[in-house]
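Colleague: Sending over a structure as structure tokens; questions will come in a sec.
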Amino acid sequence: MILAIETSGRIGSAAIALGEQMLSEARFSGPMRHSAEIFPAVHRLLERFSREPKEIEHIYISVGPGSFTGLRIAAALAKTMHLANAAKIIAVDTLDVIAANATDYIKEEKVKDLTQIATILDAKRGQFFIAAYQNKQGRWEKTMPDCLMTARQFLENFAGSSQPARLRLSATPRQVWLLGEGLVYHKDKFKADGIRFLNERYWSPRAEKVHKLGWQKALAGQFADPLTLQPTYLRKPDIKAGLPQHLYT
């Protein structure tokens, strides 16, 4: 029995599965409703299949990068379930979870030239969390690790003919398809020759994909240490922002 949690993005979700078999997924009702809806969503899923929390043997979570608050909620829940009933934890990269949506896009939209993608999340302060991938025999192989960069830096490295030869992912320049919630308010910043966009309904990370990637890691025995498990922030939250000067000086 597996519980999968996605709270790194704007719209959270939860899912339950029996091994590889996905049973059901529940998406939250609106943006940033993670803390209010995560426990009711899990309760409804378990109740629907006449299951109890103590039956959950694995919990898979997306650990970032993403919403600082959302990532902490998932990590805290995973650690709590480990303490409560020794549930094993799998931590999945959020940008990998988003990239997995591109496989659905290929199948459902019957797109044949989608071989190179990049996932985009808003990191604020004019920066974005970005990773790049190449389609290798139906699997998305990461060609650029999770990093922080501006839209301009991304386009300089990946867009069309302006892409430096040493940074190209292949000898022949190809179109780069973008997806991810960082495009919701900033899509125009990434428009350039050689850049294309997946339909917006494929932009959000989902618990169903957390389970899919998490199951692969579970089969390989890649469980997280509950004592050292930490969200992947890439950049630490600035707790000083918005506070009066005298509170932190």
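The values are calculated or read from the model by the stated rules, or taken from the named source; none is laboratory data. All values reported here derive from a predicted model rather than from experimental measurement. Cβ sites come from the backbone with ideal geometry, for glycine too, and all protein chains shown count toward neighbours.
Colleague: Among the residues that make up region 63-80, is at least one of them closer than 25 Å to Gly221 by Cβ, among the β-branched types (Val, Ile, Thr) and within 14 Å of the chain's Cα centre (by Cα)?
Modeller: yes
Colleague: Just checking, does region 36-51 include any residue being without any contact (Cβ under 8 Å) to a residue 12 or more places away in the chain and among the hydrophobic types (A, V, I, L, M, F, W, C)?
Modeller: Scanning region 36-51 turns up at least one residue that is without any contact (Cβ under 8 Å) to a residue 12 or more places away in the chain and among the hydrophobic types (A, V, I, L, M, F, W, C).
Colleague: Return yes when Asp122 is at pLDDT 95 or above and in contact with a Leu (Cβ under 7 Å, 6 or more places away or on another chain) and no when it is not.
Modeller: no
Colleague: State the number of residues belonging to region 103-131 that are assigned to a strand (DSSP E or B) and in contact (Cβ under 8 Å) with a residue 12 or more places away in the chain.
Modeller: The qualifying residues number 13.
Colleague: Return the total of residues in region 226-235 being within 20 Å of Ser8 (Cα to Cα) and over 18 Å from the mean Cα position of the chain (by Cα).
Modeller: Total meeting the criteria: 2.
Colleague: Taking into account only those residues within region 9-26 that are at pLDDT 95 or above and not small (Gly, Ala, Ser), which is nearest to the chain's Cα centre (by Cα)?
Modeller: Glu25
Colleague: Could you grab me the full set of residues in region 198-212 that are touching a Phe, Trp or Tyr at 6+ places or on another chain (Cβ under 8 Å) and closer than 17 Å to Lys107 by Cβ?
Modeller: Leu198, Asn199, Tyr202
Colleague: Grab the strands (runs of 3 or more DSSP E) fully contained in region 139-197, keeping just those with 1 or more residues being at pLDDT below 95, farther than 21 Å from Leu234 by Cα and assigned by TED's automatic domain parsing to the domain that holds Asn101.
Modeller: Result: 139-149.
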